[in-house]
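Novice: Structure provided below as structure tokens; questions to follow.
No lab work stands behind these numbers, since they all come straight from the coordinates. Quick caveat, the model's predicted, so the values are computed rather than measured. Counting neighbours? That spans all protein chains shown, and the Cβs are built from the backbone with ideal geometry, glycine included.
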Amino acid sequence: MSSRGLEGVVVAETELSKIYGEEGRLVYRGYEIEDLAEHATFEEVCHLLWYGELPTREQLAALNERLVADRDVNSEVIDILRRLPPSTHPMAALRTGASALASFDPEAEDMSPEANQRKAIRLTAKMPTLTAAIDRLRNGKEPIAPRKDLGLAANFLYMLSGSEPDELNARIMDVAFTLHAEHGMNASTFAARVTVATLSDMHSGVVSAIGTLKGPLHGGANERVMEMLKAIGEPENAEPWVRAALERKERIMGFGHRVYKALDPRAPILKKLAEELAAKGGNTKWLEISERIQAVMREEMEKRGKPIYPNVDFFSASVYYTLGIPSDLFTNIFACARTAGWTAHIMEQLKDNRLIRPKAEYVGPLGKKVQPIERRG
Ligand code: ACO
């Protein structure tokens with residue numbers, strides 16, 4: 001018997017994170033996600049994921065120095081992005097950009113643990129620079145060079161718009177990066193691990209992961225959530241819109257999860273950020289629509305006897321949109337943050353590697369003989 005979608009199959013041991021699906025709990029290396037979101041920066045979380053511990057002040061300064069120094073993307077890679085048609089989806093452009101980075105990384109083929117640690121930093125540092133450049137180039141604008149005095153998430157916002165984010169926006173983006181940094185054996189992480197388990201290189205693992213994250217059943221859902229909020233338009237339209245979509249047997253984006261059978265713990269953290277943003281800017285519309293959708297879904301799913309809760313993508317959509325980020329860039333933000341987790345998993349995989357090669361159950365015909373071509377059909 002095959003397990004459709006590998007549900008319930010354990011394919012590796014990991015020390016990076018644990019999801020308690022029934023309780024709606026997420027832990028990175030022993031720390032609850034709520035604790036990290038409130039008390040640690042994304043850079044500290046990177047240190048935790050890559051080196052096993054939260055950093056001391058000196059360790060954080062050393063890591064930060066390298067994350068800052070590695071932010072620049074060389075002009076050859078920017079030129080490759082420049083040549084892409086502006087209609088290219090930003091995730092497709094990121095896939096190309098991440099792949100091109102390998103050609104200019106002198107350690108691209110060096111699979112030693114030390115080189116992989118350096119590449120994890122380089123990739124994580126450069127991904128926001130690539131994403132911001134992709135957005136500016138497709139809008140006919142020149143990329144903005146990274147600033148060295150801002151945190152990784154704040155610098156990302158700066159490179160998108162050219163203006164320094166205020167404290168609240170910078171903090172919100174930083175928390176969003178922390179919430180998206182790692183999440184067990186999700187589809188894109190699995191793709192990264194499968195790729196490097198063949199002893200292919202770290203950039204290839206990350207490129208596989210970007211391609212996998214792009215799909216709407218995974219990271220691509222946050223973009224679709226915003227499309228849904230825009231299609232609904234006003235809070236009073238939410239209820240009939242959702243009921244009609246469910247009637248048509250459509251999926252409501254940003255709801256449901258393979259592992260969580262309770263509320264995704266990242267969703268309420270993002271909801272709180274969405275509330276803070278709405279309070280500051282006075283625009284509560286997207287949040288109100290989201291809350292109405294959540295209420296209808298609760299009711300509908302209770303009726304059907306199978307509750308489906310919002311996942312991380314549901315509230316991230318209104319948060320990013322309120323920050324002024326275009327909706328087709330949302331999945332790139334996810335990719336920027338998850339590069340920390342992908343690269344940590346790649347290094348973990350290579351510590352005790354074995355080729356990942358499951359089997360398929362053949363259900364086709366047997367005993368056929370090749371006929372001359374004129375007798376076929
Ligand atoms: N809206 C309506 N019904 C849903 C939804 C949804 N979002 N999600 C699941 N269901 C229903 C299914 O129709 C199915 O019902 P059935 O048993 O009557 O056929 C049941 O719940 C189980 O769904 P599966 O597809 O078997 O669940 P699976 O674990 O394979 O899929 C997934 C999980 C892909 C996340 C799914 O819930 C979904 O499509 N959600 C919408 C897309 C989304 O938000 N993805 C982001 C996930 S989080 C992340 O990757 C960051």
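Novice: Distance in nm between label sites at residue 108 and residue 31, each 7 Å beyond Cα in the beta-carbon direction?
Specialist: The two pseudo-label positions are separated by 3.4 nm.
Novice: Between residue 244 and residue 53, how high is the FRET efficiency from 1/(1 + (r/R0)^6) when r is the Cβ-Cβ distance and R₀ = 41 Å? Nearest 0.05.
Specialist: Once the sixth-power term is evaluated, E becomes 0.20.
Novice: Right, here's the next one. What is the magnitude of the charge dipole of segment 221-322 about its Cα centre, with +1 placed on the Cβ of each Lys and Arg, -1 on the Cβ of each Asp and Glu, and no other charges, expressed in debye to the nearest 20?
Specialist: Numbers: 18 positive and 16 negative charges, 84 e Å.
Its charge dipole is roughly 400 debye.
Novice: For 1, 253, 185, what's the fewest-to-most ordering of other Cβ within 10 Å of each Cβ?
Specialist: 1, 185, 253
Novice: Quick one: compute a quarter of the convex hull surface over the Cα atoms of segment 221-322 and quote it in nm².
Specialist: Over every viewing direction, the Cα hull of segment 221-322 projects on average to 5.9 nm².
Novice: Round to a whole angstrom and tell me the spacing of the C-alpha centers of segment 309-340 and segment 1-37.
Specialist: Segment 309-340 and segment 1-37 have Cα centres separated by 21 Å.
Novice: Given R₀ = 25 Å, what would the calculated FRET efficiency be for residue 149 paired with residue 76, taking r from the Cβ atoms and rounding to 0.05?
Specialist: Calculated transfer efficiency: 0.40.
Novice: With a cut-off of at most 14 other beta carbons within 10 Å, and DSSP calling the residue loop, which GluC sites (Glu not before Pro) in segment 83-122 qualify? Please list them.
Specialist: Listed in order of number, the matching sites are 109.
Novice: Give the share of C-alpha pairs in each 5 angstrom bin for segment 65-167, from 0 to the last occupied bin, in whole percents, shortest bins first.
Specialist: For segment 65-167, the binned pair fractions read 2, 13, 24, 22, 19, 12, 5, 2, 0 percent.
Novice: Related question: Name the chymotrypsin sites (Phe, Trp or Tyr not before Pro) in segment 1-86 that are in a loop by DSSP and that have at most 11 other C-beta atoms within 10 Å, would you? Display every interim value, and only then the final one.
Specialist: Details: sites: 20, 28, 31, 42, 50, 51; in loops: none.
Listed in order of number, the matching sites amount to none.
Novice: Could you calculate the contour length gain from residue 217 to residue 360, that is, 0.36 nm times the residue separation minus the distance between their Cα atoms, to one decimal place in nm? Walk me through the numbers on the way to the answer.
Specialist: Numbers: separation 143, 0.36 × 143 = 51.48 nm, distance 2.23 nm.
Once the chain is fully extended between residue 217 and residue 360, it gains 49.2 nm.
Novice: Can you give me the long-range amide H partners of residue 17? Hydrogens built in the peptide plane at 1.01 Å from N, cutoff under 5 Å, separation of 5 or more residues or another chain.
Specialist: The list, which skips near neighbours in sequence, is 29, 184.
Novice: Based on alpha-carbon centroids, what's the gap between segment 206-249 and segment 109-158 in Å, whole number please?
Specialist: Here the two parts' Cα centres lie 27 Å apart.
Novice: Oh, and also: In whole Å, what are the Cα extents of the chain along the three principal axes, biggest one first?
Specialist: Principal extents (largest minus smallest coordinate, Cα): 71, 56, 45 Å.
Novice: Hey, with R₀ at 22 Å, roughly what FRET efficiency would residue 38 and residue 18 work out to, going by the Cβ-Cβ distance, to 0.05?
Specialist: Computed FRET efficiency for residue 38 and residue 18: 0.70.
Novice: Follow-up. Dipole of the chain (Lys/Arg Cβ +1, Asp/Glu Cβ -1, origin at the Cα centre): which of 215, 94, 59 lies farthest to the positive side?
Specialist: Result: 215, furthest along the dipole toward the positive end.
Novice: If I model a spin label as a point 7 Å beyond the Cα along the Cα-Cβ vector, how far apart are those points for residue 353 and residue 7 in nm?
Specialist: Going from the residue 353 label point to the residue 7 one covers 3.3 nm.
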